[in-house]
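The values are calculated or read from the model by the stated rules, or taken from the named source; none is laboratory data. These figures come from a predicted structure and were not determined experimentally. Cβ coordinates were reconstructed from backbone atoms using ideal geometry, including for glycine residues, and neighbour counts include every protein chain displayed. To get the accessible areas, we keep the full protein, side chains included, count just its heavy atoms, and leave off ligands, DNA and RNA. Shrake-Rupley method; radii C 1.70, N 1.55, O 1.52, S 1.80 Å.
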Amino acid sequence: MNDLQQLNHPGINYNCCVGADDKTFTHTAFFMADEDQKVLLELPSFKYFSEQLKASIPEAAPKQELLALVGSSRNIF
């Protein structure tokens with residue numbers, strides 16, 4: 001997250017939340033363009049995070065859902 005904050009890329013809106021069980025994490029990422037998603041996926045710290053997540057053998061397997069943003073309380077792009 002520190003790297004994303006320092007990068008301050010205008011086309012990336014990335015968030016992480018933890019559920020009430022203090023174990024379930026939800027990450028959301030919204031991109032202005034496909035190229036912005038590539039910036040995140042190529043970030044060394046994000047690659048490391050992804051590798052460590054897979055290696056950790058979490059209780060529930062991570063799942064990916066593709067979302068389409070239909071509204072926001074702030075203009076994110």
I'd like to check something: does region 48-57 contain any residue that is within 12 Å of the chain's Cα centre (by Cα) and free of Cβ contacts under 8 Å to residues at least 24 places away in the same chain? yes
Of all the residues that make up region 34-49, how many are open to solvent by less than 100 Å² (accessible area, probe 1.4 Å) and of a type in the set (Phe, Trp, Tyr)? 2
Residue ID - least open to solvent (accessible area, probe 1.4 Å), chosen from residues in region 10-33 that are under 21 Å from Ile76 (Cβ atoms) and assigned to a loop (DSSP other than H, G, I, E, B): Gly11
From the set of residues in region 1-33 that are among the aliphatic types (A, V, I, L, M) and touching a residue at least 24 places away in the same chain (Cβ under 8 Å), which is farthest from Tyr48 (Cα to Cα)? Met32
Tally the residues that are open to solvent by less than 80 Å² (accessible area, probe 1.4 Å) and not in a loop (DSSP other than H, G, I, E, B), restricting the search to region 50-74. 3
May I ask you to verify whether Asp36 is out of contact with any helix residue (DSSP H, G or I) (no Cβ under 9 Å at 6 or more places or on another chain) and either more than 25 Å from Ser73 (Cα to Cα) or in contact (Cβ under 8 Å) with a residue 60 or more places away in the chain (or both)? no
